[in-house]
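Single-structure report; data block below.
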Amino acid sequence: MKRRDEPKKRRDEDRRDDEVEQSLRAIYQVENGDLPDLTKLERKRSHRWIWLTLGVSAVFLVLAAAAWTGFLYFQGLSGFVNEKLDLAIEGPEQITVGQEVTYFINYRNPLNEPLSNVELRINFPNDFSATKNLPEPSGAGLWRLGALAAEQSGTVTVRGKFTGALGTLSAVQAMAAYRSSGAAKDMQAIAAKNVTYSQSVLEGWIQVPEKAVPGDHIALLYHVKNTGRDTMEGLEARVGLPDGFTPDDKNLGQAKLEGRTYKLPLAPLAAASSTEISVVGVFASGFGGDAKVVGQTGILGQDGNFSMMQKSEAAFPVLAGDLSLKLVVNGSDQATRSLGFGDQLQTAIGFENTADEPLKNVKIQLAVETVALDQGQEVLDKFQLVDLAAAAKASSSTLEGRRLVWDAKAKSEFKEIAPHGLGELETLLAISPNATGTRPMAVRLTVIADMEVGKIKRSVQMAPMVFKLRSDARFSSQARFYTEEGAPIGSGPLPPKVGEPTTYRIVWSVDKKIHALKDMEAVAVLPRNARFVSLATSTAGALAYDADKREVKWALNRLPANVNGAEVEFDVELTPTLADDGRFAQLLGEATFQAQDEDINEPLMQSSKALTTDLQNDETAKGKGVVRKDVK
């Protein structure tokens with residue numbers, strides 16, 4: 001059977017070969033009917049294969065990335081990745097200052113393996129005072145939690161009070177450090193919560209009169225109440241006084257008056273209790289219009305900054321008075337200035353009847369007081385810096401205690417001043433040239449007037465003028481050839497000779513009794529025929545010489561209040577020229593001295609005249625300063 005089928009099989013194969021040949025001819029046959037020699041054809045590349053290859057590669061990469069993402073995701077669920085401690089802070093964002101609040105710092109290990117060396121540090125603002133911690137910290141703001149098991153969680157509870165200023169924007173921050181299994185270094189997690197000091201447990205209000213008249217004593221009352229559940233300690237009340245208002249010194253007590261601010265420390269204020277701050281005083285003559293009072297209560301921080309926890313305001317009108325007064329000193333009505341010991345005050349008091357009727361039996365007084373600046377202008381009766389007896393004699397006034405008085409006995413026109421009548425009183429006040437104490441002091445001038453308006457007696461007073469006294473420091477520049485005992489400290493010919501060098505000792509000194517000085521500096525320039533030799537001795541500071549500028553400079557950072565002086569000595573060599581013959585030759589140019597008065601924050605500037613060979617302060621060398629030629 002098999003043999004019979006073989007011819008048929010061959011016939012079928014021959015037929016398929018013919019069909020393939022016809023198909024190839026249809027594809028490759030050229031125009032003359034011949035087939036090309038396919039063995040000699042070059043292979044031609046197709047760009048479509050390149051793009052196809054790139055496309056397949058991209059698809060492969062996408063599929064690979066997806067596969068790895070899925071792998072990592074499922075591995076993450078098993079704890080191999082996402083090694084991060086969960087940390088969160090629960091607590092209020094809006095703070096009531098002075099009221100106790102609680103914060104919960106929650107932590108959790110989300111992994112299926114333990115974490116080691118876990119430490120939690122919680123940072124609160126500086127004004128936060130903790131009252132309870134659970135658990136107790138291991139150190140200041142630090143909790144050492146040790147190891148956390150897989151998926152273990154916990155909470156640190158912190159309770160306390162904020163005492164900062166209203167409106168403060170701050171934050172509570174928690175930071176955890178830990179190490180996961182197999183890690184080479186610690187990892188961190190951080191959480192924060194912003195907080196705003198929006199309210200306070202303190203309430204306040206100000207009580208003022210419906211109206212005021214200059215000269216009338218009035219009381220400004222500032223009420224403060226603690227609405228919280230705990231006692232408030234360390235509080236300070238501040239009352240901003242209106243312009244023209246002067247508080248009575250007798251009512252200051254523990255309070256201090258700094259500028260226009262009345263400051264008073266408060267006793268501990270129990271829960272639901274209140275206190276009252278009273279400021280009694282008068283409005284100065286000539287003041288009128290709206291008066292504004294501002295009360296503030298807060299806490300002084302360790303840095304001395306005031307954190308306001310409550311603020312109240314009130315205003316009331318001040319009516320015009322009957323007698324207008326004006327005080328001008330040395331051509332200015334500026335209320336606060338500085339003076340030096342030995343200065344003079346040319347004082348003029350202007351007055352005018354602003355009422356529509358006569359003022360009778362007018363009496364005007366000028367109170368001159370020495371006050372201590374370090375105690376809120378406390379009166380120092382035992383330190384009198386002005387000779388008022390001499391001032392009273394020169395100004396045709398009488399003296400009553402520490403007041404110069406002009407009344408109807410001294411000035412007949414004071415018996416009755418007609419409406420719109422005016423005038424002026426003058427006097428000269430001389431400040432003592434020497435300090436009588438060691439405290440920061442000032443001279444305070446206050447003008448007071450008494451009068452009768454119809455059958456009513458009235459009194460008006462001006463806002464005081466305060467003249468702060470600068471340090472009594474005195475800078476001295478001297479030249480010597482001999483000591484006070486007569487021992488020579490110079491060398492060379494005396495009197496000096498033309499062409500021959502003579503060495504002199506220059507002595508710079510600063511002496512004082514009051515105030516601390518800082519940033520002290522003395523400078524002078526040497527003439528061309530003088531040469532800086534060397535430093536001789538110094539009690540403080542540093543002496544330097546700049547050869548290019550020919551400038552000698554003595555610098556001292558600070559001279560404390562309890563140190564009364566400092567001195568430096570240096571030698572200068574002078575070689576006179578023919579131009580110096582027959583006269584005193586210059587040794588050192590004018591010396592300028594400057595420093596900052598620490599107690600009143602005022603600059604000091606002095607100068608000392610140029611030094612010559614005329615040694616007036618050297619008794620032994622006196623009269624031997626004229627330069628002469630060397631006679632051969």
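The values are calculated or read from the model by the stated rules, or taken from the named source; none is laboratory data. Model, not experiment: these values are computed from the prediction. Don't worry about glycine lacking a Cβ; one is built from the backbone with ideal geometry, like all the others, and counts go over all protein chains shown.
Just the residues that are within 28 Å of Ile218 (Cβ to Cβ) and in contact with a Lys or Arg (Cβ under 6 Å, 6 or more places away or on another chain), please, taken from region 405-450.
Asp407, Ala442, Asp450
Considering only residues that are small (Gly, Ala, Ser) and either surrounded by 14 or more Cβ atoms within 10 Å (Cβ to Cβ) or touching a Ser or Thr at 6+ places or on another chain (Cβ under 6 Å) (or both), which ones fall in region 525-545?
Matches in region 525-545: Ala530, Ala536, Ser538, Ala540, Gly541.
With the requirement that a residue be assigned to a loop (DSSP other than H, G, I, E, B) and either crowded, with 19+ Cβ neighbours inside 10 Å or of a type in the set (A, V, I, L, M) (or both), what does region 377-394 give you?
Once the filter is applied, which keeps residues that are assigned to a loop (DSSP other than H, G, I, E, B) and either crowded, with 19+ Cβ neighbours inside 10 Å or of a type in the set (A, V, I, L, M) (or both), region 377-394 yields Gln377, Leu380, Leu385.
Within 21 Å of Val447 (Cβ to Cβ) and modelled with pLDDT under 95: is that true of Gly288 in this structure?
For Gly288, the condition - within 21 Å of Val447 (Cβ to Cβ) and modelled with pLDDT under 95 - is met.
So which residues in region 487-535 are within 25 Å of Lys549 (Cβ to Cβ), among the polar types (S, T, N, Q) and out of contact with any helix residue (DSSP H, G or I) (no Cβ under 8 Å at 6 or more places or on another chain), if there are any at all?
Those that are within 25 Å of Lys549 (Cβ to Cβ), among the polar types (S, T, N, Q) and out of contact with any helix residue (DSSP H, G or I) (no Cβ under 8 Å at 6 or more places or on another chain): Thr502, Thr503, Ser509, Ser534.
Checking Asp374 against (1) part of a loop (DSSP other than H, G, I, E, B); (2) within 32 Å of the chain's Cα centre (by Cα): exactly one of these is not met. Which one?
With (1) part of a loop (DSSP other than H, G, I, E, B); (2) within 32 Å of the chain's Cα centre (by Cα) applied to Asp374, the lone miss is (1).
Within region 498-511, does at least one residue satisfy the condition of being under 30 Å from Glu424 (Cα atoms), buried (at least 19 other Cβ atoms within 10 Å of the Cβ), of a type in the set (S, T, N, Q) and touching a strand residue (DSSP E or B) at 6+ places or on another chain (Cβ under 6 Å)?
no
Being farther than 16 Å from Glu424 by Cβ and not acidic (Asp, Glu) narrows it down to one of Gly350, Gly340, Gly331, so name that one.
Exactly one residue qualifies, and that residue is Gly340.
Can you pull out the strands (runs of 3 or more DSSP E) entirely within region 300-339 that have at least 3 residues that are within 30 Å of Met605 (Cβ to Cβ) and of a type in the set (Phe, Trp, Tyr)?
Filter on region 300-339 gives an empty set.
Return the residues of region 469-483 that are touching a residue at least 40 places away in the same chain (Cβ under 8 Å) and farther than 21 Å from Phe593 by Cα; say none if nothing qualifies.
Phe481, Tyr482
In the set Tyr178, Tyr197, which member is of a type in the set (Ser, Thr, Tyr), more than 30 Å from Gly281 (Cα to Cα), touching a Phe, Trp or Tyr at 6+ places or on another chain (Cβ under 8 Å) and crowded, with 17+ Cβ neighbours inside 10 Å?
It is Tyr197.
Is region 438-457 home to any residue that is surrounded by fewer than 19 Cβ atoms within 10 Å (Cβ to Cβ), more than 36 Å from the chain's Cα centre (by Cα), assigned to a loop (DSSP other than H, G, I, E, B) and not polar (S, T, N, Q)?
Yes: one or more hits.
Tell me the residue from Ala184, Ala189 that is of a type in the set (A, V, I, L, M) and either free of Cβ contacts under 8 Å to residues at least 12 places away in the same chain or in a loop (DSSP other than H, G, I, E, B) (or both), please.
The match here is Ala184.
Just to verify a result, which residue in region 110-128, among those that are in contact with a Ser or Thr (Cβ under 8 Å, 6 or more places away or on another chain) and of a type in the set (A, V, I, L, M), is surrounded by the fewest Cβ atoms within 10 Å (Cβ to Cβ)?
Leu111
Looking at Ala237, Ala219 in this structure, which one is exposed (fewer than 14 other Cβ atoms within 10 Å of the Cβ), of a type in the set (A, V, I, L, M, F, W, C) and part of a strand (DSSP E or B)?
Criteria check complete, one pass: Ala219.
Determine if region 119-129 includes at least one residue that is farther than 29 Å from Asn226 by Cβ and either assigned by TED's automatic domain parsing to the domain that holds Leu269 or not basic (Lys, Arg) (or both).
Scanning region 119-129, I find at least one residue that is farther than 29 Å from Asn226 by Cβ and either assigned by TED's automatic domain parsing to the domain that holds Leu269 or not basic (Lys, Arg) (or both), so the answer is yes.
Out of region 327-342, which residues are buried (at least 17 other Cβ atoms within 10 Å of the Cβ) and not hydrophobic (A, V, I, L, M, F, W, C)?
Once the filter is applied, which keeps residues that are buried (at least 17 other Cβ atoms within 10 Å of the Cβ) and not hydrophobic (A, V, I, L, M, F, W, C), region 327-342 yields only Ser338.
Looking at Thr168, Thr163, Thr131, can you tell me which residue is out of contact with any Phe, Trp or Tyr (no Cβ under 6 Å at 6 or more places or on another chain) and surrounded by 14 or more Cβ atoms within 10 Å (Cβ to Cβ)?
Thr163
Select from region 512-524 the residues that are buried (at least 16 other Cβ atoms within 10 Å of the Cβ) and in a strand (DSSP E or B) and list them in ascending order.
Leu517, Met520, Ala522, Val523, Ala524
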